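All remarks here apply to the structure that follows.
Here, each number is a calculation from the coordinates, and none is a lab measurement. Model, not experiment: these values are computed from the prediction. Positions of Cβ are backbone-derived with ideal geometry, glycine not excepted, and every protein chain shown enters the neighbour counts.
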Amino acid sequence: MNEKNEIVVTINQASRAALNGFTSFWGVHVRGFNAKRHCQACLLGKREPSIKIGIPTAVPITISVSGDYFYLCGVVNRRWITHEEYMQRNFHMPVRWCLGSTATKTTYNGFTVTVENAEIVPFTGEIAKKLYGDLPEKFWSCRNFQFGAQMYGEG
C-alpha cells in the first residue's frame, strides 16, 4: 500500500481555463460524521485548501488523503432554478484511495473531474432517511449527510 495515499485531481474543460459555474467547490478529507449537522459541516475532517473555485483546468493537483474518504463537492447558485435543478446540478464525488484506479465524473456544465488512484464510493439516501428520518428533511435529503450516514451512521 502507498503509505502516502496520494490521489491526483485534475479538472478539464476544453474551452475554459479555470473551474467556474459553482458558488462553492471544495474537498474534505473525511474521517467521520456528525448527524447533528448537514451540508459540509456533517463531514468530519479537514478541508483541502487546493480544491476551490477558480482552480486552473488541466493542472494536476496531488493530494495526500488523510481520511477514510475524500469528498469533492460543488454547489451551484440556487437563484432562478428549481429545487430539482439545484439538486441535479450540485456536484458530489466521494472517493476512496485505490492505487492504480481512476475515477471520473462530469459536472452539469461540462467540466470533467478525474481522480487518479481513487475509486468512486457510491451512496444513496436510504440509510440517512431510515436512521435519521425524524430530523428535518434538509438533513436526510442533503447528499453530504446521506454519504456520512451511509459510511458512519449508527443504526
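At-a-glance table
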item	result
Complete set of residues in segment 93-122 that are crowded, with 18+ Cβ neighbours inside 10 Å and either under 14 Å from Phe25 (Cα atoms) or among the aromatic types (Phe, Trp, Tyr) (or both)	Met93, Pro94, Trp97, Thr107, Phe111, Val113
Lone unmet requirement of (1) surrounded by 16 or more Cβ atoms within 10 Å (Cβ to Cβ); (2) under 19 Å from Trp140 (Cβ atoms) for Tyr86	(1)
Exclusive hit being in contact (Cβ under 8 Å) with a residue 12 or more places away in the chain, in contact with a Phe, Trp or Tyr (Cβ under 9 Å, 6 or more places away or on another chain), of a type in the set (D, E, K, R) and in a helix (DSSP H, G or I), set Lys52, Lys138, Lys129	Lys138
Residue selected from segment 2-57 under the condition of a type in the set (Ser, Thr, Tyr) and over 15 Å from the mean Cα position of the chain (by Cα), by the criterion surrounded by the most Cβ atoms within 10 Å (Cβ to Cβ)	Thr57
Residues of segment 58-78 classified as exposed (fewer than 15 other Cβ atoms within 10 Å of the Cβ) and either within 18 Å of Val30 (Cα to Cα) or free of Cβ contacts under 8 Å to residues at least 40 places away in the same chain (or both), total	4
Residue selected from segment 10-25 under the condition free of Cβ contacts under 8 Å to residues at least 60 places away in the same chain and not polar (S, T, N, Q), by the criterion nearest to Ile53 (Cα to Cα)	Ala18
Any hit, segment 1-9, residues being farther than 28 Å from Thr124 by Cβ, in contact with a Leu (Cβ under 8 Å, 6 or more places away or on another chain), touching a residue at least 60 places away in the same chain (Cβ under 8 Å) and part of a loop (DSSP other than H, G, I, E, B)	yes
